[in-house]
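Encoded as structure tokens, the structure appears first; notes follow it.
Any read-out appearing in this document is the output of simple, stated calculations on the displayed coordinates, not a laboratory observation. Quick caveat, the model's predicted, so the values are computed rather than measured. Methodologically, a virtual Cβ is constructed for each residue, glycine included, from the backbone with ideal geometry; neighbour enumeration extends over all protein chains shown.
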């Protein structure tokens, strides 16, 4: 590519970028209507890979100026973080998105589980097999051992499940 054609391409890309910057603000940038506040957030001290259980030693506090909309999507100081598991790679010094974390897996796929169903005075416990792995609060697919029917149930802290509507 010759120098004049490269310069022309560069100027075209630069002018397009200027046009875009006038149309919408950059991600995380604030407009005049949005005020940026100083917020204390939690960031990784080192690279945390998917599946890593997060401990206090891996996290540090950092004060940043961000908009309230951005602050709602990230982990801030005081939010529960220890014991959660990284869904994707977390980079040192960068904010941690709330959707980048999950609760630890307590029920493994293929594991026999006890499922509880309660409706008023009626309480039923049944045996099932987990068709998916899941953490506390996750709704997973299970197979009733007696009927073979597939149902959805929510994982509890004690590794049993609560049956959703059948």
ask   = So, by mean Cβ neighbours within 10 angstrom, what's the order for 41-51, 116-126 with the highest one leading?
value = 41-51, 116-126
note = Within the range 72-102, the residues whose backbone N lies under 20 Å from a label point placed 7 Å from the Cα of residue 49 along the Cα-to-Cβ direction are 83-94, 100-102
task = Take the Cβ-Cβ distance between residue 136 and residue 35 as r, set R0 to 25 Å, and report the resulting FRET efficiency rounded to the nearest 0.05.
result = 0.10
key: For the range 35-166: relative contact order, % (alpha-carbon pairs under 8 angstrom, 6 or more apart)   = 18 percent
ask   = How much FRET efficiency would the formula 1/(1 + (r/R0)^6) give for residue 69 and residue 118, where r is the Cβ-Cβ distance and R0 is 35 Å, rounded to 0.05?
value = 0.30
ask   = Efficiency by 1/(1 + (r/R0)^6): what FRET value for residue 109 and residue 89, r their Cβ-Cβ distance, R0 = 22 Å, to the nearest 0.05?
value = 0.40
